[in-house]
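Worksheet: the structure to be examined is printed underneath.
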Amino acid sequence: MKKFIPKLIDKSLIGLNLDEFFVDADVVLRCHKLFAKMSSETPQYTIDPKTSRMQFEITKDMEDLSYFIPKDEIQNILDNSAERLHRLITPCIEFQIEKGSQHIIPPYFYTDDITSQIFNVNIENITNTIKYFENKKLNLPPIYPAIHLPKNILTNETALRYVISSYTDKNIAPYIKGFYIMIDGLKCDKSDEEELAGYLKLLRSLFGYDVRMVSLDAFGYAGLLIGASTLISGLAQQEYTSINNWSKSTTRGRGQEYTYMPEIFAYLSEIELESINYKCSCNQCNKQLPHTASEKKKHFYHCRVRDLENISDTDFHKGLAKLNNLYSQGLITAKKFITEELTLRKSSDIVSPIKRWLTVLTQAEDIYNLPQAEEELEKLLLELDEHV
Ligand SMILES: [Zn+2]
């Protein structure tokens, strides 16, 4: 079953009866009472150690993390593997174990250069995480590396291949159960078809692993169709990830007056929704409009879950047809909003994204067949080898 997992950011997850949530390490500290409540009530959760954030402006709670490395000491940590093990890797793993995280995410840094020291250190951190468990003679918990790279990687086939082969190297592959994919700057409502198709190729290339998409909007449904198991995001927030937002001066988030409209996978203002007498039929709203911030977030959650129920299918082709239908209906509704002037939002904001998603879906079958195509190519090369 494909899943939507919300991020624990505030109290809005209370009462949703979740079976799983995702949470940043600094939130675990900042909202320790909320975390204690949620973690005792929820069967499973994973903590993102958020180590890449230490390269940028940090939140004030990050300094209290046992594995916190000040920005000006990061280069030293990258250069010195013994110190890295002692100050970063070991305490980071132990923090996750102690807090009961179901998956262990080895510490990771952000880089836009796959030939860089940072990229290699990220792979080494995975190796060292495996060694930690072997040395301690502890049962290996599922290790789920985070792949945190910029979106330009998605359109560079050579780079993408290198990333995939590095993260699925035969020395670490047997210990890795899955991945958390964080593509920086990938805003699916703004991204072009090439980027979006590249993203799906990345997901598909990790075939055989439990692939989890972090911070994505409703284009994530296409990722679930292609092979990812899980879509993770905040409720009506944090639907994309950007290092540019990691600075104190930037204000984040959408204004309170906006409400998610699931029919078009976008946000409209309350005034617009009231003027068309919009009623939501999700489990939260019960034919009303959500008003408070908490109601709007719960509404978002129920809309995501409902969509997933509607499009999930064990058969790829049936799933594709269902998703095509969902996006097509969305396109019709979004166009209607523009032509009947029911919104102040532009066609480029609410119509074009869905159009692009539908275009990418026309490539979905080819992308879905990628692992098979690779296998056939390998077989062919092997046969050629034998004949030479
Ligand atoms: Zn609703």
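The values are calculated or read from the model by the stated rules, or taken from the named source; none is laboratory data. Small disclaimer: the values here were computed from a predicted structure and weren't measured. Please note: Cβ atoms are built from the backbone with ideal geometry, for glycine as well, and neighbour counts cover all protein chains shown.
Taking ARG306 as the residue in question, decide whether it is among the charged types (D, E, K, R) and not in a helix (DSSP H, G or I). Judged against the criteria, ARG306 is not a match.
Taking THR129 as the residue in question, decide whether it is assigned by TED's automatic domain parsing to the domain that holds LEU186 and under 21 Å from SER205 (Cα atoms). Steps first, answer last, please.
Details: assigned by TED's automatic domain parsing to the domain that holds LEU186: yes; under 21 Å from SER205 (Cα atoms): no.
Answer is no for this residue.
All of TYR110, TYR132, TYR180, TYR167 fail the test of being over 20 Å from the mean Cα position of the chain (by Cα), aromatic (Phe, Trp, Tyr) and at negative phi, apart from TYR132. For segment 139-152, the condition holds for no residue, the condition being that it is buried (at least 20 other Cβ atoms within 10 Å of the Cβ), more than 22 Å from VAL121 (Cβ to Cβ) and in contact (Cβ under 8 Å) with a residue 24 or more places away in the chain.
Within segment 59-74, does at least one residue satisfy the condition of being within 26 Å of ASN135 (Cα to Cα) and of a type in the set (Asp, Glu)? No: segment 59-74 contains no residue that is within 26 Å of ASN135 (Cα to Cα) and of a type in the set (Asp, Glu).
The sole residue among HIS317, HIS299, HIS291 that is surrounded by fewer than 20 Cβ atoms within 10 Å (Cβ to Cβ) and either closer than 23 Å to LEU342 by Cα or not assigned by TED's automatic domain parsing to the domain that holds SER348 (or both) is HIS291. Right, LEU384: touching a helix residue (DSSP H, G or I) at 6+ places or on another chain (Cβ under 8 Å) and hydrophobic (A, V, I, L, M, F, W, C) or not? It is false that LEU384 is touching a helix residue (DSSP H, G or I) at 6+ places or on another chain (Cβ under 8 Å) and hydrophobic (A, V, I, L, M, F, W, C).
Within segment 143-164, take every residue that is among the charged types (D, E, K, R) and over 17 Å from the mean Cα position of the chain (by Cα) and give me the one that is farthest from ALA228 (Cα to Cα).
Taking segment 143-164 and keeping what is among the charged types (D, E, K, R), we get 151, 157, 161.
Those still in the list that are over 17 Å from the mean Cα position of the chain (by Cα) too: 157, 161.
On the way: GLU157: 20, ARG161: 18 Å.
Residue satisfying both the conditions and the ranking: GLU157.
In segment 10-34, of all residues being in contact (Cβ under 8 Å) with a residue 60 or more places away in the chain and in a helix (DSSP H, G or I), the one that is surrounded by the most Cβ atoms within 10 Å (Cβ to Cβ) corresponds to ALA25.
Just to check your reading of the model, which residue among LEU13, LEU34 is at pLDDT 95 or above, more than 21 Å from ILE181 (Cα to Cα), among the hydrophobic types (A, V, I, L, M, F, W, C) and touching a Pro at 6+ places or on another chain (Cβ under 8 Å)? Can you show your working first?
Details: LEU34 fails: touching a Pro at 6+ places or on another chain (Cβ under 8 Å).
After ruling out the rest, the residue left standing is LEU13.
Taken as a whole, segment 224-247 holds at least one residue that is of a type in the set (Ser, Thr, Tyr), closer than 21 Å to PHE109 by Cβ and more than 15 Å from the chain's Cα centre (by Cα). Among all residue pairs at least 6 apart or on different chains, which show Cβ distances below 7 Å where the first residue, located in segment 287-316, is away from the ligand (no atom under 13 Å from the Cβ) and the second is of a type in the set (D, E, K, R)? Between residues of segment 287-316 that are away from the ligand (no atom under 13 Å from the Cβ) and residues that are of a type in the set (D, E, K, R), the close pairs are LEU308/LYS2; ASN310/LYS322; ILE311/LYS322; SER312/LYS2; ASP313/LYS322. Screening ASN277, ASN325 for residues that are loosely packed, with under 12 Cβ neighbours inside 10 Å, over 19 Å from LEU216 (Cβ atoms) and away from the ligand (no atom under 14 Å from the Cβ) leaves exactly one candidate, ASN277.
The residue that is farthest from the ligand (Cβ to nearest atom), counting only those in segment 234-253 that are of a type in the set (S, T, N, Q) and modelled with pLDDT of 90 or more, is GLN238. Output yes when any residue across segment 194-217 is surrounded by fewer than 16 Cβ atoms within 10 Å (Cβ to Cβ), assigned to a helix (DSSP H, G or I) and not assigned by TED's automatic domain parsing to the domain that holds LEU289, and no when none is. Yes, there is a match, as at least one residue in segment 194-217 is surrounded by fewer than 16 Cβ atoms within 10 Å (Cβ to Cβ), assigned to a helix (DSSP H, G or I) and not assigned by TED's automatic domain parsing to the domain that holds LEU289.
Among the helices (runs of 4 or more DSSP H) contained in segment 344-388, which hold 1 or more residues that are closer than 30 Å to TYR258 by Cα and of a type outside the set (Asp, Glu)? Walk me through how you get there before you give the answer.
Numbers: elements: 347-350, 352-361, 364-368, 370-387.
In segment 344-388, the matching helices (runs of 4 or more DSSP H) lie at 347-350, 352-361.
When the residues of segment 254-274 are filtered to those that are under 26 Å from the mean Cα position of the chain (by Cα) and of a type in the set (Val, Ile, Thr), the one that is nearest to the ligand (Cβ to nearest atom) is THR259. The condition of being part of a loop (DSSP other than H, G, I, E, B), under 27 Å from LYS318 (Cα atoms) and out of contact with any Ser or Thr (no Cβ under 9 Å at 6 or more places or on another chain) holds for only one of ALA228, ALA222, that being ALA228. Would you say ILE105 is among the aliphatic types (A, V, I, L, M), under 23 Å from SER215 (Cβ atoms) and either surrounded by 22 or more Cβ atoms within 10 Å (Cβ to Cβ) or at pLDDT below 95 (or both)? When the stated conditions are applied, ILE105 passes them.
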